[in-house]
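Below you'll find the structure, written out as structure tokens, and then a few comments.
The values are calculated or read from the model by the stated rules, or taken from the named source; none is laboratory data. All figures in this text were calculated on a predicted structure; none of them were measured in a lab. Using ideal geometry, Cβ is built from the backbone for each residue, glycine included, and neighbour counts are taken over all protein chains shown. To get the accessible areas, we keep the full protein, side chains included, count just its heavy atoms, and leave off ligands, DNA and RNA. Shrake-Rupley method; radii C 1.70, N 1.55, O 1.52, S 1.80 Å.
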Amino acid sequence: MSFERIPNELKALKQFVVWKYEDIGAVKPTKVPYNPHTGQKASVTNPSDWTNFSDVCRLCFNYSGIGFVFTSADNYAGIDLDFTTNYEALKHQQLIFEKFDSYSERSPSGKGLHIIVKGKVLSGRRRSSVEIYSEGRFFTFTGDVFHDAPIQERQAMLDVLWNE
């Protein structure tokens, strides 16, 4: 795993966890966050379960990957564009990617895309194959950069997307 291209402004925050796939009886395996220091499940609302970037990279090898926890204390949001074969949904995702024009990387499957922006949403939301969160969730990070751009301020655009 190679995480050096993850933006430095995120690496500076102590909001990282490790995660692994677990079968909890859902359609596909679930990505469960863990505290890399204790090996216990991590809470996305408990900062004592999170660690810094260098520790998470050093301790991630017994896990499926690393993740970043979005909190009310930071000004970051994540947009998750899930894999879809639906033509209309794919066109909508393409438009989102182009308009937001911010740091993006491939999801662990290599088929989805995570876009990181500056801004907040009232609550997490999932519609069709698009998810958006700014707190109380973690996003996996792969370092598999798709769009190597700075993390952009996109509050107005987040508001529009959240309301769609």
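Counting 0.36 nm for each residue step from S2 to R127 and taking away their Cα separation leaves a gain of 41.9 nm.
Determine the shape class of the range 87-148: with a ≥ b ≥ c the square roots of the Cα gyration tensor eigenvalues, call it rounded for a/c under 1.5, and otherwise prolate if a/b is greater than b/c, oblate otherwise. Rounded shape, in that the Cα axes give a/c under 1.5. What part of the accessible area of the range 57-120, given as a whole %, is carbon or sulfur when the probe is 1.4 angstrom? Using a 1.4 Å probe with all protein chains present, the range 57-120 comes out at 51 percent carbon and sulfur. In a reduced charge model with +1 at each Lys and Arg Cβ and -1 at each Asp and Glu Cβ, the range 14-59 shows a dipole moment near 80 debye about its Cα centre.
Taking every protein chain into account, the 1.4 Å probe leaves W19 with about 10 Å² of accessible area, to the nearest ten. The alpha-carbon of K91 sits under 21 angstrom from the alpha-carbons of these lysines, leaving out residues fewer than 8 places away in its chain: K99, K111. Heavy-atom accessible surface of K91, to the nearest 10 Å², is about 90 Å², with a 1.4 Å probe and all protein chains retained. What label, among (i) 16.0; (ii) 16.8; (iii) 19.7, belongs to Kirkwood radius over Cα pairs in Å computed from the structure on display? Among (i) 16.0; (ii) 16.8; (iii) 19.7, the one derived from this structure is (i). Relative to the longest principal axis of the Cα atoms of the chain, the long axis of helix 87-100 lies at roughly 80 degrees.
On a per residue basis, the range 1-126 carries 53 Å² of accessible surface, using protein heavy atoms and a 1.4 Å probe.
You can think of it this way: the chain between F146 and R106 has 13.8 nm of extra reach, that is 0.36 nm per residue less the Cα-Cα gap.
Of the cross-linked pairs K11/K118; K20/K120; K11/K41; K14/K118; K31/K118, which ones have a Cα-Cα span greater than 19 Å in the structure shown? Walk me through the numbers before you get to the answer.
Values: K11/K118 15 Å; K20/K120 27 Å; K11/K41 21 Å; K14/K118 17 Å; K31/K118 24 Å.
Listed pairs above 19 Å: K20/K120; K11/K41; K31/K118.
Each label was represented as a point 7 Å from its Cα along the Cα-to-Cβ direction; for V160 and T38 these points are 4.3 nm apart.
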